[in-house]
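The block underneath contains the structure these notes are about, expressed in structure tokens.
The values are calculated or read from the model by the stated rules, or taken from the named source; none is laboratory data. Quick caveat: nothing in here was measured; it's all calculated off a predicted structure. Methodologically, a virtual Cβ is constructed for each residue, glycine included, from the backbone with ideal geometry; neighbour enumeration extends over all protein chains shown. The protein model used for the area step is the full one, side chains on, heavy atoms only, and it has no ligands, DNA or RNA in it. Shrake-Rupley method; radii C 1.70, N 1.55, O 1.52, S 1.80 Å.
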Amino acid sequence: MKRSEIKKIPLSDTALANLEPESVDYRIRDSGKLYFFVKKDGSKSWQYRSKNELGKDGYQGLGSYPNVSGQYARKKASELALKESNGEIVRFSKHYKKHIDSKKNLTFEVIINDWLETKKNTWDEETFYKAKKSIQKHVIKEFGYRECISIKKKEWFDFFQRLRTVNKINNQVDKLISYCTNAYDLANDVC
């Protein structure tokens, strides 16, 4: 489905699943300040438009689709809008703000661990433990010490291809890709 064929918002599950990538990345407003972001490579995610600590407009990642459903994204966007209406700045977590204020650059370990913390209350204990162990074993070992903005897409691609070849456990690699994508989505304007 092309974005020009969308008839109504909020976007239906069918529209979300069938939106086609184009030659450039694009956003479609779903409702309020919630946007659905489609990259030219076909990946999809949710973004919330807000102002950062400097008053600059930007987008805060709410997670990749279909891992984050439309229903959950709308609920989260509604919560963020309520915080904004109360005068709160919802742009970056306190964790990121501390690093921005102290002029330190964020390492990938910082952003992946911050994202993982957001899952602590939504995942069961075993799922959380397995994800954390896998992230530590594979991703942090390789990229944890690096500034998140310095890691190139080609490096990620080569890393995950190597993991697929060595481990031959595509399901685990797919999960790691999703975790890393979600971490970048959460920190999308910092990294």
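Tabulated data
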quantity	calculated
Convex hull of region 1-62 built on C-alpha atoms - directionally averaged projected area, nm²	4.5 nm²
Sulfur and carbon atoms: percent of accessible area, the chain [1.4 Å]	51 percent
Rg to Rh, two decimals, where region 109-191 supplies the alpha carbon set and Rh follows Kirkwood	0.95
Cβ-Cβ FRET estimate between residue 128 and residue 71, R0 fixed at 25 Å, reported to 0.05	0.70
Heavy atoms of residue 59 accessible to a 1.4 Å probe, total area in Å² rounded to 10	40 Å²
Dipole magnitude of the chain about its Cα centre (Cβ charges: Lys, Arg +1; Asp, Glu -1), debye to nearest 20	140 debye
Rg over Rh [alpha-carbon atoms, Kirkwood Rh] for the chain	0.96
Accessible heavy-atom area order of 14, 127, highest first, probe of 1.4 Å	14, 127
Mean accessible surface per residue for the chain, computed with a 1.4 Å probe while every protein chain stays in place, in Å²	61 Å²
Helical contribution to [θ] at 222 nm, DSSP H n ≥ 4, -39,500 (n - 2.57), averaged over the chain, rounded to 500	-13500 deg cm²/dmol
Length released on extending from residue 39 to residue 119, taking residue separation times 0.36 nm less the Cα-Cα span	26.4 nm
Length gained when the stretch residue 170-residue 25 is fully extended (0.36 nm per residue, less Cα-Cα span)	49.5 nm
